[in-house]
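Presented below is the structure to which this report refers.
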Amino acid sequence: MNRLLALGALLALSGCQAGGNIRTLDLSFGSYESSPAVLTHLSFEQPLARTPEMIVASSADVPGTLGGRTNSASVLSPPTDTDGDGAWTIRAQWVELTTDKAWTATAVVPLDRIRIDENVAVIGIVFGPNGEMLIASDEPTPDPSGYRDAARVCGSRAPDGDRAWRLDTDRFPEMTDFLDPPPPSVRDPFCPAGETGR
């Protein structure tokens with residue numbers, strides 16, 4: 001919980017109004033079943049900034065997963081649309097636990113593709129294999145019929161951020177909960193494992 005509070009304090013520096021009728025940001029995180037990760041950097045409408053590290057693990061690519069594609073929700077002040085382009089630019093950096101590889105990605109998310117429920121903008125950031133970052137804005141349904149993809153991009157390798165977080169059980173005692181049994185192999189990745197994936 002302390003990590004989410006610190007993350008909220010950092011993002012609140014982006015501003016306190018998004019314009020229009022958005023007054024609150026409901027932010028959550030998830031991953032593909034094959035690609036649990038440690039989030040290390042995140043920003044909205046600002047240059048990429050370091051955040052308190054947190055494990056991101058779910059089964060976003062498994063249809064009908066109980067609880068949906070994301071978890072760890074936090075209610076925050078929304079960022080300001082700094083350049084007035086009707087979109088939020090979301091930047092993130094994370095490390096795949098299964099490969100120790102760091103990735104960075106930038107997604108421009110049009111505000112008209114974000115679900116707004118009673119002045120609350122709903123965003124889920126999902127990390128997939130080979131640098132995939134999916135920005136979800138799902139409806140609260142018990143099945144995939146409510147899934148809404150606001151943006152989906154393939155990021156780039158960030159070798160300076162590579163780290164074997166999976167071995168750091170002193171920092172994350174719960175690490176074994178996410179890696180035992182081992183996550184399944186990657187299936188039909190959206191982002192190909194090409195030159196950027198090495």
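The values are calculated or read from the model by the stated rules, or taken from the named source; none is laboratory data. Only a predicted model underlies this, so the values are computations on that prediction, with no experimental measurement involved. All Cβ positions, even for glycine, are placed from backbone atoms using ideal geometry, and neighbour counts span all protein chains on display. Remember, those area values only see protein heavy atoms, side chains included, never the ligands or the DNA or RNA. Shrake-Rupley method; radii C 1.70, N 1.55, O 1.52, S 1.80 Å.
Please indicate, with yes or no, whether at least one residue in segment 73-85 is open to solvent by 10 Å² or more (accessible area, probe 1.4 Å), modelled with pLDDT under 90 and closer than 14 Å to Glu132 by Cβ. No, the conditions are met nowhere in segment 73-85.
Within segment 159-183, the set of residues being hydroxyl-bearing (Ser, Thr, Tyr) and part of a helix (DSSP H, G or I) comprises just one member, Thr176. Residue-level analysis places Val186 outside the set of residues that are outside any helix (DSSP H, G or I) and without any contact (Cβ under 8 Å) to a residue 60 or more places away in the chain.
Any idea which residue in segment 174-193 is farthest from the chain's Cα centre (by Cα), counting only those that are of a type in the set (D, E, K, R) and open to solvent by 70 Å² or more (accessible area, probe 1.4 Å)?
In the first step, residues of segment 174-193 are kept if they are of a type in the set (D, E, K, R); the result is 174, 177, 180, 187-188.
In the following step, the residues that additionally are open to solvent by 70 Å² or more (accessible area, probe 1.4 Å) were identified as 177, 180, 187-188.
Working: Asp177: 20, Asp180: 22, Arg187: 20, Asp188: 20 Å.
It comes out as Asp180.
In segment 124-144, the condition of being over 24 Å from Asp26 (Cβ atoms), more than 13 Å from the chain's Cα centre (by Cα) and at pLDDT 90 or above is met by at least one residue. If you go through segment 22-31 and keep only what is open to solvent by 30 Å² or more (accessible area, probe 1.4 Å) and either within 12 Å of the chain's Cα centre (by Cα) or not basic (Lys, Arg) (or both), you end up with Thr24, Asp26. Screening Ala164, Ala105 for residues that are at pLDDT 95 or above and open to solvent by less than 20 Å² (accessible area, probe 1.4 Å) leaves exactly one candidate, Ala105. The residue pairs whose first member lies in segment 155-177 and is in contact (Cβ under 8 Å) with a residue 40 or more places away in the chain and on the phi < 0 side of the Ramachandran plot, whose second member is part of a loop (DSSP other than H, G, I, E, B) and of a type outside the set (D, E, K, R), and whose beta carbons are closer than 8 Å, counting only pairs six or more residues apart or on different chains, are Gly155/Cys191; Trp165/Leu97; Trp165/Phe172; Arg166/Leu97; Arg166/Thr98; Met175/Leu97; Met175/Thr169.
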